[in-house]
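The values are calculated or read from the model by the stated rules, or taken from the named source; none is laboratory data. Quick caveat: nothing in here was measured; it's all calculated off a predicted structure. In this analysis, Cβ positions are derived from the backbone assuming ideal geometry, glycine residues included, and neighbour counts consider all displayed protein chains. Keep in mind that these areas ignore ligands, DNA and RNA; they rest on the heavy atoms of the full protein, side chains included. Shrake-Rupley method; radii C 1.70, N 1.55, O 1.52, S 1.80 Å.
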Amino acid sequence: GGGSSRYASTNMRLKLPITCFILEIIIIILFGVLVQYDEGTDAKLWHDRNHSSHSDYDNDFYYRYPSFQDVHVMIFIGFGFLMTFLQRYGFSSVGFNFLIAAFALQWATLMQGFFHGMHGGKIHIGVESMINADFCTGSVLISFGAVLGKTSPVQLLLMAIFEVTLFAVNEFIVLSVLGAKDAGGSMTIHTFGAYFGLIVARVLYRPNLDKSKHRNSSVYHSDLFAMIGTLYLWMFWPSFNSAITAHGDDQHRTAMNTYYSLAACTLSSYAMSALTAHDGKLDMVHIQNAALAGGVAAGTAGEMMLTPFGSMIVGFVAGIISVLGFKYLSPVLESKLKIQDTCGVHNLHGMPGILGAIVGAIVAALATADVYGEGLTDVFPDVASGEISASDQGVRQIISLAVTLGIALLGGLIVGFILKLPIFGAPPDTICFEDSIYWEVRRSGSFILKAVISESIQFM
Amino acid sequence: GGGSSRYASTNMRLKLPITCFILEIIIIILFGVLVQYDEGTDAKLWHDRNHSSHSDYDNDFYYRYPSFQDVHVMIFIGFGFLMTFLQRYGFSSVGFNFLIAAFALQWATLMQGFFHGMHGGKIHIGVESMINADFCTGSVLISFGAVLGKTSPVQLLLMAIFEVTLFAVNEFIVLSVLGAKDAGGSMTIHTFGAYFGLIVARVLYRPNLDKSKHRNSSVYHSDLFAMIGTLYLWMFWPSFNSAITAHGDDQHRTAMNTYYSLAACTLSSYAMSALTAHDGKLDMVHIQNAALAGGVAAGTAGEMMLTPFGSMIVGFVAGIISVLGFKYLSPVLESKLKIQDTCGVHNLHGMPGILGAIVGAIVAALATADVYGEGLTDVFPDVASGEISASDQGVRQIISLAVTLGIALLGGLIVGFILKLPIFGAPPDTICFEDSIYWEVRRSGSFILKAVISESIQFM
Amino acid sequence: GGGSSRYASTNMRLKLPITCFILEIIIIILFGVLVQYDEGTDAKLWHDRNHSSHSDYDNDFYYRYPSFQDVHVMIFIGFGFLMTFLQRYGFSSVGFNFLIAAFALQWATLMQGFFHGMHGGKIHIGVESMINADFCTGSVLISFGAVLGKTSPVQLLLMAIFEVTLFAVNEFIVLSVLGAKDAGGSMTIHTFGAYFGLIVARVLYRPNLDKSKHRNSSVYHSDLFAMIGTLYLWMFWPSFNSAITAHGDDQHRTAMNTYYSLAACTLSSYAMSALTAHDGKLDMVHIQNAALAGGVAAGTAGEMMLTPFGSMIVGFVAGIISVLGFKYLSPVLESKLKIQDTCGVHNLHGMPGILGAIVGAIVAALATADVYGEGLTDVFPDVASGEISASDQGVRQIISLAVTLGIALLGGLIVGFILKLPIFGAPPDTICFEDSIYWEVRRSGSFILKAVISESIQFM
């Protein structure tokens, strides 16, 4: 059919090994040439520095590594299992998530290092760069959610190369050039990842995807696996948003704001899920996704003096927006704009990300020395130094949102067309959302049925 | 049948959204009026305090947050997945656990704040109040276990409102008025939650529950999901019991005592499970639950100088009691006392909680300055100051157990009758333990069978 | 058949309780006689010491416990779920893992205490001994992987008794007598556990195991459960390798080296998995196991100045070796050497462990004061003090590998013959890899089929 002309062989025997080996060898060479231990990880540098009053207990490892591990779980278990909701795509959801995350974190170390980690021609790395690499990886995984089930692992690795690079560019512009604040990445991670992925999905539009429709849904146990992903994202989001904020009250406050934002979001998500169903039955899709929107929406303002009260309002609104998006906007995006957003990343990361950016701009514009005291230096250093006013900071935040959207949309457009080249082994429309294209699936349905029947006889 | 007259419509389209929205809006307003950042989370207060010799690394975030995250995982993954053992109730187990926990932690912040967190008319919050809120939530989830499968989400939210409130009252009486010690909550969390839930289950007794009997059991994969819950509870229980003890040796010792108590309990649980089965086969119910009793039983004495030796004895006994309870007592509770305890919380939290309270009283009564040295001030401040004797402290502990039991039983009785009002959408006896009452279950059995058969043909 | 003469009853009703009770009671008595709180957990000792300049925040709990919890998750969830890939052996995989780990960590506390924790006739314990006990347990669980599905829980407990003891002897020789470094246990944990288990599997060779062949494989959901184990091992391996290194740069560097080794290993594992399949399809066995080899291989050199560049090369090679082992070596081991290695521990722990030991020896031999600065004292104290040269240290490492292999092989041989005694309830060849031998499996296949059909009718 149409598939045969448009799609090359999905056989990965050479394509995937060649891609992986070339990428890994390039990365290893670049690490050899460019990357060095930073002061906290280098035996000599740490002990030299240590001579003065420092103790081994001051190493940043102890103040960042627990957060890093929580973020790490979100990336590999959280994102990976969240996407296992599809009935026949669990291996690919968890497995491709694993592959592209393992690649992206290495590539991100280099790209982020180029843009804001160079010291005398070398990239210095430690636990903070590890967190940042995981953050950048998160953005790629969000885009993965938009194209889930419709792309080959080679396409995904290619997408990761470009997206990580553009992420680093955008992050540099937003944080370093424009001086915006975005500790939990409402803009740089969620908005960027979502709109990048949505445009890629648009370019890769499949008019005959309904031929795979019966596989583009969940079964009972796949929804339970997905809840593992949801809950780890939900529980550790406070660690995510606070992982790279300033030490002391900043990390503490960010974690707490996120905790309350998520709690409020969960209640509004359940309420909206029941309200928008004709029979009042809760929809697992909403619970798995919308209940997380409060974490996304607290990504920018979480480190600010948002207060638990403000955090809850933000989370409450995010949950409502997200369920409404799943219910009413996603079908329109698909039918009118031809954006087939498998996981609904627009509802979990796109709109809540924009909400978070706007909230961040407002809270920044309202910052006063009276409220922040000397803590203002940590949160808004340029406002504290008198260089700019608080409302200027708010403007910076909004400009940053616009820049992020622009780079995401333009980048996604170009990358989408690259991925469209019919040489990367994308599956035909008729067998999307199907593990057995790329995985040895040992026990197919027939076997299970046979086993069930034979055991019925054996054990009765 | 009888169900139709006694039970109103289970349709949640209006009931659940109205309940959620009203509760969340009330909470948000109360947070706006009453709740403030504490010294560790407020930008101004922290930096003011910081002027002296303090550094950002002294923030309590670094000494409590890892414990908090472990507790958080126990609440959402641990309790949530432990209850997925039912074959057709996984969505509700994880999903209602998620909903009522997200509500309860907010409400607990307010209730606990009223009773022991007020500063100048305001409730001050930080990581310690977050841990306490999660603890209180744990108590509600224990009660949830007793009524699992037989209650609507609206009933559960109502139960949470009242139980959190009474929990805070009891906690205030036990810890602040009576001056008892109960860091890991053998009394305040486990005994309270278990007996509260058991009485609620008694009041909600369903004479025709055997009509849902075929769903009130596990299938193969649901037992594996439940083991995820069990293991996270088991692994992180040392963090739970030590999360709010004094810093230094106290946290360290509590974690280690719990670690050994649980290890010993696991061996006695396996032994008893095989011993009490006529064919020597291990029972997943025992492994999933009884192996955790050692954590419950170390909840009061864990912070004391119980020694690993003592901890192991406590855990060893707790495992034996718990399996015996599942095997011989639960059937009696159901047939004679009409208490239908779905998860057997009496065996995991009730009896081991009482055991833990008694052990705590004994160990407290035996405390000497010789053993505790200056550490006595952290564990038993009133004994250290000479205000009371060690045996007085033991008496305090026992009185606290009695008070806890009294408030739990009386509170559960009243709340049970409130929940019995036939307007909250409880399921009829014939369709308890069934997700599809409250959840959109996309793929019912018929679909799976069709899929299996059609794939058999397709893939063979 | 042949099974009836060779295998005694698999009924565990008396065997398992007697074994568990005797072991636990012996352990409790030995703890009562021998074990004491160390300085960080004892109320009196800590506060006495504390008088000087120390604060409660200096307690080692805060600098080791987060690592301990990550290791703990690896032991119980990581190893436990990694082995659930078998279609009918999930209860035993998770459940026996749980049982023998809970036993082994107690026994390891005593055995390791005898060899390197005695203070005035007493074993002093705290968070570091807890980590070491979990490490030793990991070694037993590796051996468990080699005999998975073919042993009774009583056999496994017996194996644990001997293996823990020999582990402690070997660890003492390698680390204390020979003065080798092996923080993440490439030698002491992985090489030891793998070759010990392989020899046990050899002695327990079952010529008719193909009669259970249809159960010695995965089904769709069992592979997803196994991925939970894989990912937790992968994510927390940086914590594992760094858990007991020196504080400061050492822990920080070890974690980072392991992070990059694993990332590179993941890419080479995916590449090799596709390359070695005739149709280019990825094999879950490779992804679940080979992608972890980078953590094993960084277990010795991870704390050294291996650099991220070096770590990636090590991980890259480890992934290749591991997949090749699964594909080409394991079948030969089974057919020629009669080693039936259920989980392929030779490929995940055996060969990568030896690789890690050799890399460690090379990196140690290349150590210079120029590179390590004053940090040399932490990593190679005898080299820093001038007692030996760096190349001497390399020799120490290689001798340690040889000693480890020797003790593992000899120990495994003897223990294998002990386990072969036909009184421990091993399953006959025809019903290996089957939960229902040792577990009450409530819903057998017949029930599921009936349930599916009856629900088809009910819900349609």
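The table below gives the values:
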read-out	value
Folded to 0 to 90 degrees: helix C:153-171 orientation relative to chain C principal axis, Cα	20 degrees
Segment A:HIS54-A:SER436, extension gain: residue separation times 0.36 nm, minus the distance between their alpha carbons	132.0 nm
log10 of Debye I(q)/I(0), alpha-carbon scatterers only, for the stretch A:298-382 at 0.10, 0.11, 0.15, 0.18 Å⁻¹	-0.34, -0.40, -0.62, -0.77
Local net charge near C:ILE414, Cβ-Cβ under 12 Å (Lys/Arg +1, Asp/Glu -1)	0
Nm distances between copies for C:LEU337, ranked from closest, using label points 7 Å along Cα→Cβ	5.8, 5.8
Listed residues B:GLY356, B:VAL441, B:VAL379: farthest to the positive end of the dipole of chain B (Cβ charges)	B:VAL441
Sequence-distant lysines (8 or more away, or on other chains) whose Cα lies within less than 27 Å of C:LYS181	A:LYS44, C:LYS122
Loop sites in the stretch C:172-263: trypsin sites (Lys or Arg not before Pro), DSSP, at most 16 other Cβ within 10 Å	none
Relative contact order (%) - criterion: Cα under 8 Å, at least six apart; region: the stretch B:230-303	41 percent
Accessible surface, chain A, averaged per residue in Å² (probe 1.4 Å)	28 Å²
Closest-to-axis residue of chain A (Cβ criterion, axis taking A to B), whole Å	A:PRO66, 3
Shielding by other protein chains, A:311-317, mean Cβ within 10 Å	3
For B:54-66, mean number of other protein chain Cβ atoms within 10 Å	6
Accessible area (Å², 1.4 Å probe, nearest 10) - C:GLU39	90 Å²
Cα Rg, Dmax (largest Cα-Cα span) when computed across the stretch C:11-96, Å	19.8, 60
List B:TYR195, A:TYR89, ordered by accessible area with a 1.4 Å probe, largest first	B:TYR195, A:TYR89
Projected label distance in nm at B:HIS278 and B:LEU413, using a 7 Å step from Cα toward the beta-carbon	4.0 nm
Inter-site label distance for A:ILE25 and B:LEU14 at 7 Å from Cα along Cβ, in nm	7.0 nm
Length-normalised contact order for chain C - Cα pairs under 8 Å, 6+ apart - percent	23 percent
Beta bridges by DSSP in the protein assembly as shown, antiparallel share as percent, to the nearest 5	45 percent
Cα convex hull of the protein assembly as shown, projected area averaged across orientations, nm²	45.4 nm²
Charge context of C:LEU204, other residues only, Cβ under 9 angstrom, K/R +1, D/E -1	+4
Other copies of C:HIS54: label-to-label distances in nm, shortest first, labels 7 Å along the beta-carbon direction	2.4, 2.5
Accessible carbon and sulfur surface of the stretch C:340-440 relative to its total accessible area, %, 1.4 Å	72 percent
Area of A:ILE358 that stays accessible when all protein chains are in place (1.4 Å probe, Å², to 10)	70 Å²
Surface accessible to a 1.4 Å probe, C:HIS247 within the full protein complex, Å²	30 Å²
Accessible area buried at the B-C interface, both sides summed, 1.4 Å probe (Å², nearest 100)	7300 Å²
Estimated 222 nm signal from helices in chain B, with DSSP H stretches of n ≥ 4 weighted -39500 (n - 2.57), rounded to 500	-20000 deg cm²/dmol
Accessible-area order (highest first, 1.4 angstrom probe) of the listed residues A:GLU440, C:GLU374	C:GLU374, A:GLU440
Positive-end residue of B:ALA104, B:ALA263, B:LEU156, charge dipole of chain B with Cβ unit charges	B:LEU156
Top positive-direction residue, dipole computed over the protein assembly as shown with Cβ charges, set C:LEU209, C:SER242, A:SER143	C:LEU209
Compactness relative to 2.2 N^0.38 Å, alpha carbon Rg of the stretch C:128-280	1.21
Exposure rank, largest accessible area first [A:TRP107, C:TRP237; 1.4 Å]	A:TRP107, C:TRP237
Cut-off 14 Å between beta-carbons: net charge of the residues surrounding C:PRO17, Lys and Arg +1, Asp and Glu -1	+1
Nitroxide proxy distance, nm - points 7 Å out along Cα→Cβ at A:GLU387 and C:SER389	5.4 nm
Rel. contact order, % - alpha carbon contacts under 8 angstrom, at least six apart, the stretch B:285-434	24 percent
Viscosity 1.002 mPa s, temperature 20 °C, Stokes-Einstein D of chain C from Kirkwood C-alpha radius, µm²/s	94 µm²/s
The stretch A:105-146, accessible surface, carbon-and-sulfur percent (1.4 angstrom probe)	59 percent
Within 10 Å of each Cβ in B:301-310, the average number of Cβ atoms from other chains	4
Across the identical copies, how the A:ILE18 labels are spaced - nm, sorted shortest first, 7 Å along Cα→Cβ	6.5, 6.5
